[in-house]
Amino acid sequence: MTKGSTTTAPSGNGHGHDRSPSGQSSGVPPHGAEPGPAHPRASWVVRRLRLTSLRIRMIAVCSVVALAAAVSSSGIAYWLNRDAVLKRTQDTALADFRNQLDRTVTALPLEPSCQDLQLAANVVATTGLRYDVAMTSPSCTVASLRSHYTAADVPDALRRQVEQPCMHCTTSPGQYHLFWQRVNLGGVPYLIGGTKVLPSGPTAYMFKSLDDEQRDLDSLAWSLGIATLLALVGAALLAQAAAATVLKPVARLAEAARRLGEGNLDTRLDVTGQDELAELSRTFNHTAAALEAQVDELSAREHASRRFVADMSHELRTPLTAMTAVTDILEDEADMLDPMIEPAVRLVVSETRRLTELVENLMEVTRFDAGTAKVVLDEVDIADLITSTIDARAWLDAVELDAPRGLVARLDPRRIDVVLANLIGNALKHGGSPVRVRAREESDAHGDWLVVEVADGGPGIPDDVLPHVFDRFFKADASRRRSEGSGLGLSIAMENARIHGGAITAANAADGAGAVFTLRLPKNPPIKDGITQ
Amino acid sequence: MNRVSHLLLIEDDDAIRTGLELALTRQGHRVSVAASGEDGLKLFKEQRPDLIVLDVMLPGIDGFEVCRRIRRTDQLPIILLTARSDDIDVVVGLESGADDYVVKPVQPRVLDARIRAVLRRGERESSDSAAFGDLVIDRNAMTVTKRGAELQLTPTELRLLLELSRRPGQALSRQQLLRLVWEHDYLGDSRLVDACVQRLRAKVEDVPSAPTLIRTVRGVGYRLDAPA
């Protein structure tokens with residue numbers, strides 16, 4: 001057969017080329033929810049989603065890979081098959097048509113009548129391989145019996161090709177040049193072949209239905225489609241399984257890391273296997289162990305140093321008790337002593353008291369640090385408390401008190417006495433009298449508060465000193481290396497306020513007249529009493 | 001107080017013992033000293049002092065145990081010398097029967113004031129007696145009887161009962177009681193009151209865990225009621 005130029009009919013519908021990859025969009029993190037410590041549930045959800053999105057990503061990637069593989073292999077298989085099937089059918093039909101024409105048309109007279117043509121067409125159609133035949137000569141146009149189509153149904157392009165003299169076709173006298181085209185006629189694919197029998201002879205067309213082949217190819221496409229779908233489902237399931245095997249250790253790792261972060265330093269993972277995740281788990285365990293060892297060492301060191309301070313203070317207390325016991329005697333006798341000795345005795349007495357105060361404060365600080373400081377709560381009228389504090393220290397003349405009667409709070413009177421004595425003593429020392437003490441009640445969303453303000457008339461606190469006034473051993477005036485206090489007073493006052501669930505703030509008065517320390521205590525502190533009834 | 005009171009100081013540390021002995025003697029007391037719990041108990045039986053100042057941390061039997069042993073037979077005032085102010089020590093000490101406590105290092109003046117306050121609690125009053133159910137408080141003889149049997153009360157317990165009985169039906173706050181009974185002129189340790197009330201209940205109530213005489217008034221303090 002001679003190869004013909006063809007304009008291939010628009011046939012064949014593409015299978016799934018443009019199918020969008022599934023599930024991509026749902027892999028995007030859905031909410032902008034920030035994981036926060038205040039919402040453990042929310043952070044759990046976020047973590048869950050993050051894992052889930054990793055799962056979705058794995059499934060999506062596997063599905064895309066499976067889809068691409070299945071579609072490309074099915075596509076190639078389909079097209080190869082289609083080509084082979086069509087080519088075979090086509091070649092057979094065209095060869096047969098040529099043979100039939102050969103045999104029939106050569107028997108026609110030189111100027112065949114329409115009847116002759118009809119006869120020839122019928123013969124070709126009936127003896128050939130189930131195709132319809134149409135013939136045209138300059139005088140008439142015929143179609144074979146029961147033919148659905150005539151020469152009018154032949155596409156113009158094919159017709160022109162057939163009827164033009166073929167310049168480049170090297171035709172030997174006994175041969176016709178046969179052109180063909182596949183077209184869709186009334187929804188059925190047809191192979192149309194056409195040729196001019198001799199330069200002067202009639203033109204013959206054959207219409208070979210490709211319906212059977214189309215059906216075969218359709219069912220092949222269906223099978224391939226179903227196979228692709230199955231491959232896709234299989235891939236998704238495999239990806240899910242793979243994701244589970246990867247994500248379960250990841251989830252365990254995440255859980256372990258969370259617990260480690262919460263301070264459970266003994267958190268460890270069971271390590272099985274030799275894969276990358278096992279390696280990661282092993283690294284996690286090493287890290288946790290190292291961290292635990294380091295924290296243990298640090299806390300042991302800290303504990304030892306605290307222990308040392310506590311023990312030392314305790315040891316200092318015994319000689320101090322003995323010394324304190326006799327200071328009163330020395331003080332009483334000082335007036336009667338030699339004027340050379342008297343100042344020495346007074347120095348010993350006053351320094352013993354200072355040392356005693358320092359040791360007391362150190363002990364108190366170690367109790368706060370060790371968390372062993374206890375609170376003994378009692379219902380106390382704050383006006384009574386402040387009065388007894390200033391009365392016991394003979395400050396009545398130096399303090400202006402503005403406190404309503406009947407303002408009662410639950411607190412540890414001895415601890416708050418220490419706080420007030422510190423604040424008022426501090427104000428007297430740095431601001432001078434009169435010190436104004438104001439007590440009042442306040443309510444906010446967190447409950448009822450007792451507020452005590454201690455204001456002095458001094459120069460106030462420099463701004464660079466303000467943040468440090470509650471620091472231990474911080475002295476506002478660096479040039480005064482020896483101050484009367486232990487340097488622990490305000491820090492102990494702050495700890496005492498904190499242990500009640502309250503706080504102390506330091507500020508300067510708005511009008512620039514002195515410093516103001518504000519003690520805020522909850523009226524009903526959220527702590528347990530030392531002794532219960 | 002004119003009469004010279006006789007104190008027994010039990011303290012193991014030589015320096016503290018010497019110092020306190022000097023100071024207390026100077027305050028006008030007669031002081032006997034012992035260096036251990038065992039010696040202290042022996043001296044206590046021989047000399048019958050008016051009051052004991054007792055260190056908690058002692059070699060051998062400790063201060064709590066000494067306190068308990070003395071309380072089995074006697075109701076004389078005991079003041080504990082403790083090294084720690086806010087540990088469980090204080091509670092244990094008070095429950096073992098001490099009347100008051102001071103924290104080391106203590107100023108002799110403070111200790112002396114406490115001693116005198118405790119001793120005053122045992123002083124007689126010229127007053128009548130009062131009955132609360134089957135409990136009779138004789139303020140003149142400073143005795144308390146329950147169904148005719150005399151109760152052994154320490155001076156502090158007796159004073160607490162007297163102060164409560166002076167205001168029957170009226171609630172007294174812990175701080176008020178600390179002022180009245182312990183003569184603390186500042187706001188003191190309310191655990192003293194709680195511990196003393198518990199000991200007192202154990203002696204005067206029929207069922208100490210369900211008191212009918214000394215009632216707790218929530219948020220206020222305590223109240224003595226005549227049973228209905």
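The values are calculated or read from the model by the stated rules, or taken from the named source; none is laboratory data. Only a predicted model underlies this, so the values are computations on that prediction, with no experimental measurement involved. Cβ placement follows ideal geometry from the backbone for every residue including glycine, while neighbour counts extend to all protein chains displayed. Just the protein is used for accessible areas: all its heavy atoms, side chains included, with ligands, DNA and RNA removed. Shrake-Rupley method; radii C 1.70, N 1.55, O 1.52, S 1.80 Å.
Restricting B:D55, B:D62, B:D14 to residues that are open to solvent by 50 Å² or more (accessible area, probe 1.4 Å), within 14 Å of chain A (Cβ to nearest Cβ) and free of Cβ contacts under 8 Å to residues at least 60 places away in the same chain narrows the list to B:D14.
Of the residues making up segment A:157-185, those that are at pLDDT 80 or above and either outside any helix (DSSP H, G or I) or small (G, A, S) (or both) are A:A157, A:L178, A:F179, A:W180, A:Q181, A:R182, A:V183, A:N184, A:L185.
Name the residue, out of B:V106, B:V110, that is at pLDDT 85 or above, within 14 Å of chain A (Cβ to nearest Cβ) and part of a loop (DSSP other than H, G, I, E, B).
B:V106
Provide a single number: the residues in segment B:141-175 that are open to solvent by 60 Å² or more (accessible area, probe 1.4 Å), part of a strand (DSSP E or B) and under 16 Å from B:T212 (Cα atoms). So the count comes out to 0. Of the strands (runs of 3 or more DSSP E) entirely within segment A:360-429, those holding at least 3 residues that are at the interface with chain B (Cβ under 8 Å from one of its Cβ atoms) and under 55 Å from the mean Cα position of the chain (by Cα) occupy A:378-381.
Take segment A:321-359 and flag every residue that is within 13 Å of chain B (Cβ to nearest Cβ), open to solvent by 50 Å² or more (accessible area, probe 1.4 Å) and of a type outside the set (A, V, I, L, M). Matches in segment A:321-359: A:E331, A:D332, A:E333, A:R353, A:R354, A:E357.
Residues in segment B:35-49 that are surrounded by 15 or more Cβ atoms within 10 Å (Cβ to Cβ) and touching a strand residue (DSSP E or B) at 6+ places or on another chain (Cβ under 7 Å): B:G37, B:G40, B:L43, B:F44, B:P49. Of everything in segment B:195-228 that is touching a residue at least 24 places away in the same chain (Cβ under 8 Å) and of a type in the set (D, E, K, R), the residue that is farthest from the other protein chains (Cβ to nearest Cβ) is B:K203. Within segment B:176-194, being surrounded by fewer than 21 Cβ atoms within 10 Å (Cβ to Cβ), of a type outside the set (F, W, Y) and within 12 Å of chain A (Cβ to nearest Cβ) holds for B:Q176, B:R179, B:H184, B:D185.
From the list A:A398, A:A310, A:A409, the one residue that fits, being more than 26 Å from B:R109 (Cα to Cα) and in the same structural domain as A:L450 (by TED's automatic domain parsing), is A:A409. Does B:V110 meet the test of being open to solvent by 60 Å² or more (accessible area, probe 1.4 Å) and among the aliphatic types (A, V, I, L, M)? For B:V110, the condition - open to solvent by 60 Å² or more (accessible area, probe 1.4 Å) and among the aliphatic types (A, V, I, L, M) - is met. For segment B:123-140, check the following and say yes or no: at least one residue is open to solvent by 30 Å² or more (accessible area, probe 1.4 Å), over 30 Å from A:E364 (Cβ atoms) and hydrophobic (A, V, I, L, M, F, W, C). Checking segment B:123-140: at least one residue is open to solvent by 30 Å² or more (accessible area, probe 1.4 Å), over 30 Å from A:E364 (Cβ atoms) and hydrophobic (A, V, I, L, M, F, W, C).
Sub-7 Å Cβ pairs linking a first residue in segment A:331-348 that is at negative phi to a second residue that is among the β-branched types (V, I, T), at least 6 apart or interchain, are A:E331/A:V349; A:A334/A:V345; A:L337/A:V345, ordered by first then second residue. Of all the numbered requirements in (1) surrounded by 16 or more Cβ atoms within 10 Å (Cβ to Cβ); (2) assigned by TED's automatic domain parsing to the domain that holds A:A409; (3) of a type in the set (A, V, I, L, M), A:A392 misses one, and that requirement is (1). Checking A:T318, A:T267 one by one, the residue that is outside any helix (DSSP H, G or I), surrounded by 15 or more Cβ atoms within 10 Å (Cβ to Cβ) and out of contact with any Gly (no Cβ under 7 Å at 6 or more places or on another chain) is A:T267 and no other. Being under 19 Å from B:L119 (Cα atoms), part of a helix (DSSP H, G or I) and open to solvent by less than 30 Å² (accessible area, probe 1.4 Å) is the filter here, so list the residues in segment B:18-34 that pass it. Within segment B:18-34, B:L20, B:A23, B:L24 meet the criteria. Residues in segment A:273-296: is at least one within 14 Å of chain B (Cβ to nearest Cβ) and in contact (Cβ under 8 Å) with a residue 12 or more places away in the chain? No. So which residues in segment B:35-70 are charged (D, E, K, R), in a helix (DSSP H, G or I) and either modelled with pLDDT under 90 or in contact with a helix residue (DSSP H, G or I) (Cβ under 8 Å, 6 or more places away or on another chain) (or both)? If the condition is that a residue be charged (D, E, K, R), in a helix (DSSP H, G or I) and either modelled with pLDDT under 90 or in contact with a helix residue (DSSP H, G or I) (Cβ under 8 Å, 6 or more places away or on another chain) (or both), then B:E65, B:R69 are the ones that fit.
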